[in-house]
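The values are calculated or read from the model by the stated rules, or taken from the named source; none is laboratory data. Quick caveat, the model's predicted, so the values are computed rather than measured. Reconstructed Cβ throughout: ideal geometry from the backbone, glycine too, with neighbour counts over all protein chains shown.
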Amino acid sequence: MNKSLIYIFVVVFFSSCMTTKKTSYFQGEPSPISELYKFNNEPYKLQVNDIISIAIKAEDPKLIALFATPEDGGGELYFNGYTIDRHGNIRIPYIGELNVLGYTAKEVREKIEIELKNFIKRPETIFVDVKLSGIQFLVTGEVGSPGTVSLLQNQVSILDAIANAGEISEFGDRENVLLIRKSLEGVKKYKINMLEIEIFESEHFYIQPNDIVYVPALKQKFWGTGTTGLQTFTTLASILTVLASSVLLIKNL
């Protein structure tokens, strides 16, 4: 076999095989707890299209009958929860429109408690609970089950998001996962390296409602050379066999 063909075979073989460094999560040693821990635990500020659940309770149910909404889970939250419109408002019975854009759940609760004073003589007897009605996000690219995911949790990490989308496929680029986020400042993109242990310290470890997680493909997928040494060897051997046969055929013409 021509030496140049053998050289090409060896180079492509070793460059196209995936090593464990390309597929193993959380490589390296963890660092001491940093200030990012505090950052990741800051209260979430509400955005447009978020759905929040507002529960108002009292010893006498008649006092809050006008404001009560059914307490339910799952898809019912979409119908019974309060969706923040494009102006940042929600509409509560009798209270009317209330702007909550950029506020935390605690701040919204305090605003509602102030408004209730106009209707209830003893507001201290009322209990108000405000929380985010789960987190919805989109995962696309090289994952097992791409699509929109809704989790009834107050906090979702990038690991939760990918796990609930069927995990990253063998052709997914774990080193360059892209997080796309629309905020009050506009659309922003962040690269996340799932291979390094430092991911737990990343300020983007926890995703936010309506985030998009995109997992790009590795170059091996475009080459079609396979993910393991055996697959790559089989593919390249087939190619070289065809090339060798073609050379012999041309020589015999």
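A few points about this structure:
- Taken over the range 75-87, the criterion of being buried (at least 18 other Cβ atoms within 10 Å of the Cβ) and either modelled with pLDDT of 90 or more or in a strand (DSSP E or B) (or both) is satisfied by 82, 84.
- Residue count for the range 183-209, restricted to those that are assigned to a strand (DSSP E or B) and under 23 Å from residue 154 (Cβ atoms): 6
- Pairing each residue of the range 101-112 that is outside the structural domain of residue 209 (by TED's automatic domain parsing) with any residue that is basic (Lys, Arg), provided the two are 6+ apart or on different chains, yields C-beta distances under 7 Å for 102/45; 103/45; 104/45; 105/131.
- Single residue of the range 183-196 satisfying the filter (more than 13 Å from the chain's Cα centre (by Cα) and closer than 16 Å to residue 212 by Cβ) that is surrounded by the fewest Cβ atoms within 10 Å (Cβ to Cβ): 186
- For the range 107-147, a residue qualifies if it is in a helix (DSSP H, G or I) and in contact with a Pro (Cβ under 7 Å, 6 or more places away or on another chain), and the qualifying residues are 113, 116.
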